[in-house]
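Taking it in order: structure first as structure tokens, then the write-up.
The values are calculated or read from the model by the stated rules, or taken from the named source; none is laboratory data. Predicted model, so just to flag it, every value in this text is computed and none were measured. Here the Cβ is made from the backbone with ideal geometry for all residues, glycine too, and neighbour counts use every protein chain on show. Side chains are part of the model used for accessible areas, which takes the heavy atoms of the whole protein and leaves out ligands, DNA and RNA. Shrake-Rupley method; radii C 1.70, N 1.55, O 1.52, S 1.80 Å.
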Amino acid sequence: MQKISITNCIRLIITICVLTAWVTLPVVADDTSPLFQKGLSLYKKGDLKQAGLIFEEALKALDLNANMDHYVDIVSHLATIYQGLGYHQRGIDLIEPVLHVVEKSDHLTSHVRLLSQLGDLHFSLGQMDKVIDYFLKAVEEAKKSENPKLIASVYNNVGNALAVDKDYKTAGFLFEEALVQLEKTPDDDLRATILINLMRLEYDKGNFKTVVSNLEGVILQIAQMEDTHQKASNLISISLFIKMLRKKLKLDNDTMLQNGMYVSLNEAQVIATKLSDHRNASYAFGYMAQLYEAEKRYVEALRLTRSAVFYAELCNAPEALYLWQWQLGRLFKAQGLVDEAKQAYNKSISTLNPIRQELFIGYRTKQDFFNDNVKPVYLGLAELILDEADATQDPEQKEKILLQARETMETLKTAELEDFFKDECVAAKSPNENKLVRTPEKTAILYPITLATKLALLLTLPDGMHCISVPVKLDDLSHTIIEYRKKLQTRPNNRFLYDSMKIYDWVIRPVEAMLTENGVDTLVIAPDGILRLIPFSTLYDSKQFLIEKFAISTIPAISLTDPRPMDKENFKILLGGLAEGRQGFSPLPSVPAELRDIKEIMSGKILIKDKDYTIPNITETFKNNEYSIVHIATHGVFGGTPEASFLLTYESKLNMNLLENLIGLSKYRKQKVELLTLSACQTALGNERAAMGLAGVAVKAGVKGAIATLWFVDDEATSIAIREFYRQLLKPGVTKAQAMQNVQKKFIAQRRYWHPLYWAPFLVIGNWM
């Protein structure tokens, strides 16, 4: 069945009828309920956790059928609190059973309220099919109510969904119609919310002149609101919006916009303090401190940040607290107070670690929250530790400090994969307590850390750990790597060589002498950030490629990699693939011969292909057999999200969760899956998250190692490479990394396949032995 987009569904409704930030829909509450009034008071002050406890208590004293509208009012407020705290699924679980009862009644307003809120909650989780379903029902029911506020609220919510879906025209239409509805029944709070959303919409459309001209009107509308939690929140939002606008338009010297930020945050401070709204007070003081930090007025910034910490602790808001602890770390570092800075960074990470999963969920904005607000905390601490190591003369002490830096990065890398796959159990799938202060003979682990002003190269050798700093700015490194990746995938020419040598000089040349001195023949690399986009095998020293010197493997993290050798004596292989063109993907004509030959080379018994290559058949095969090698020859796509990452089957798409479940069937058997081969993968060009998803595929799937491709290769070249890989792997004493090295060296030796386009995308991921 073909999926219908949220945009098309909403347009169908708009032809029938002209229909919050996300807002609580209007319901008349029972003012006689003391518990509700107490909870509402705490809610308006921003004390969400205490308000939630009160609302939970209030629900216990009510009967849904006897007090339906009041019960729904409390449920709606409680779900909004859960959502604000990051517990989206809890909000859904709260509303759904109530909705089942309400939809059978004639309580129309309560029904619409719950439908719209469920659409919003599912939208936060990116569950778009359910978003469409609930929003369509909400729109249909809202038009029956003839309640202008109710209709305006639903329009606003649907408009937000469409804006994120980039249907700006329809979203703008809905926002405008919502304002028309409010002309019938004025509501300053809701009007301010819709005007803010309209302004954000114009920003997303690139209409910056319109944004600047509308800004004053939006601020005046907020000023007309009563002094409430919502008004303080809007003032803080406006200040952050102005900050984003100044950065986008490079208007750092625009005093009018700057004053707008200061005035908005100052008024938010006053309102929040007056209302004892500790949460908003924390944000107002914290973001004001950032303005002073940008001006290098560190003493004032420090005072304001400490106030932000105080208020965040007062209302038990760890999602705010970690930000201000991180901010303290930056301010201390800027003043040369290294010990205080490290302490602040460590506190921030301790606050952050337990709540990371809650922070990650935020589909509605599609912003890279992790890279903006989580990763820099770990990188900041790692940089402080590296600076400390650099200043330490004692070799033994230096190695201990370097290990601390690497462990900080290990935590970060695990968090990145948990964020990408939305799976907090990633680390548990590859338990490895081996800290590898020393590597096996002839093996080195290169651990690049990309920092704003330098590249730190952590190198672990048989004789211990070392660190070299390379003075290259992250912006320069990123630009070069993105251009290099494009050139690598351009049909054969030698334009890639200049950038290849430049990256070689940054990443490999500084450690080359140590690799030679230690007789290294295998280089294991744990790339960070932008470095995940390139195959290191292609780096060129002006005479030969790196793969001609070393066998190379990529790992997501040391702690997520099982280094034990593969059992080559007792293995069983499952082969599956799809040669036919299906679901818009091109045919892979070399797949039948590839699968046939590998079956012969590896003495395989089971092969599933084409019409038989379906998810039910694959599942049944895994249930009834055990395998140590799984080879899949089909189109594989790794996008920037788990939803955009899949392996093509005849009738459907095998996503990463399904793949994990299939592999997991062998978990408690004698023979676990050691190697997963995906011979026709591709990642989105220039997309760091897509490359990270590919790098983490072995961890997510629960296998020791994987062979996969960064980009789709010539079908014939792929089949040749994969066949040869298995032939090499069967040789005694040859590791997976060495088997792939031998394949790639054979390609380089042939003029037809010398260009990295043909051989470079093949990666050995995870276990290299």
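Couple of notes before you dig in:
- Here Ala737 fulfils each of the conditions (1) under 26 Å from Pro440 (Cα atoms); (2) not in a helix (DSSP H, G or I) apart from (2).
- Filter pass, Gly702 being over 26 Å from Pro587 (Cα atoms) and either open to solvent by 10 Å² or more (accessible area, probe 1.4 Å) or out of contact with any Asp or Glu (no Cβ under 9 Å at 6 or more places or on another chain) (or both): yes
- Of all the residues in segment 142-172, those that are acidic (Asp, Glu) and either closer than 30 Å to Gly206 by Cβ or assigned to a helix (DSSP H, G or I) (or both) number 2.
- Residue count for segment 276-310, restricted to those that are at pLDDT below 95 and open to solvent by 40 Å² or more (accessible area, probe 1.4 Å): 4.
- In segment 648-658, the residues that are within 20 Å of the chain's Cα centre (by Cα) and either open to solvent by 10 Å² or more (accessible area, probe 1.4 Å) or under 16 Å from Gly581 (Cα atoms) (or both): Asn655, Asn657, Leu658
- Members of segment 581-603 found to be over 32 Å from the mean Cα position of the chain (by Cα), within 19 Å of Thr709 (Cα to Cα) and open to solvent by 50 Å² or more (accessible area, probe 1.4 Å), listed by number: Pro589
Residues are listed down the side, and each one gets a yes or a no for (1) within 17 Å of Leu595 (Cα to Cα); (2) part of a loop (DSSP other than H, G, I, E, B); (3) within 24 Å of the chain's Cα centre (by Cα); (4) at pLDDT 95 or above:
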position	(1), (2), (3), (4)
Val673	no, yes, no, no
Lys700	no, no, yes, no
Ser719	yes, no, no, no
Arg727	yes, no, no, yes
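- Evaluation of Ala452 against (1) surrounded by fewer than 22 Cβ atoms within 10 Å (Cβ to Cβ); (2) in a helix (DSSP H, G or I); (3) aliphatic (A, V, I, L, M) (one fails), failing number: (2)
- Test for Glu620: is it over 20 Å from the mean Cα position of the chain (by Cα), under 30 Å from Lys487 (Cβ atoms) and in a helix (DSSP H, G or I): no
- Any hit, segment 620-642, residues being in contact with a Leu (Cβ under 8 Å, 6 or more places away or on another chain), exposed (fewer than 15 other Cβ atoms within 10 Å of the Cβ) and more than 23 Å from Tyr726 (Cβ to Cβ): yes
- Count - residues of segment 565-580 that are surrounded by fewer than 20 Cβ atoms within 10 Å (Cβ to Cβ) and either over 26 Å from Ala691 (Cβ atoms) or aromatic (Phe, Trp, Tyr) (or both): 8
- Test: residue in segment 217-225 that is of a type outside the set (S, T, N, Q), within 31 Å of the chain's Cα centre (by Cα) and either open to solvent by less than 60 Å² (accessible area, probe 1.4 Å) or at pLDDT 95 or above (or both): no
- Residues (charged (D, E, K, R), part of a helix (DSSP H, G or I) and over 29 Å from the mean Cα position of the chain (by Cα)) located in segment 372-407: Glu388, Asp390, Glu396, Lys398, Glu399, Lys400
- Residue among Val511, Val524, Val507 that alone is within 19 Å of Gln738 (Cα to Cα), among the β-branched types (Val, Ile, Thr) and open to solvent by less than 40 Å² (accessible area, probe 1.4 Å): Val524
- Of the residues in segment 63-85, at least one is at pLDDT below 85 and surrounded by fewer than 23 Cβ atoms within 10 Å (Cβ to Cβ).
- Identity of the residue in segment 85-137, assigned to a loop (DSSP other than H, G, I, E, B) and among the hydroxyl-bearing types (Ser, Thr, Tyr), that ends up nearest to the chain's Cα centre (by Cα): Tyr87
- Some residue of segment 676-697 being of a type in the set (Asp, Glu) and outside any loop (DSSP other than H, G, I, E, B): yes
- Counting only helices (runs of 4 or more DSSP H) wholly contained in segment 199-301, the ones carrying 3 or more residues that are farther than 21 Å from Asn156 by Cβ and either of a type in the set (A, V, I, L, M, F, W, C) or touching a strand residue (DSSP E or B) at 6+ places or on another chain (Cβ under 8 Å) (or both) occupy 229-249, 255-275, 278-294.
- Enumeration of residues in segment 142-167 that are open to solvent by 10 Å² or more (accessible area, probe 1.4 Å), closer than 26 Å to Tyr87 by Cβ and not small (Gly, Ala, Ser): Asn160, Val164, Asp165
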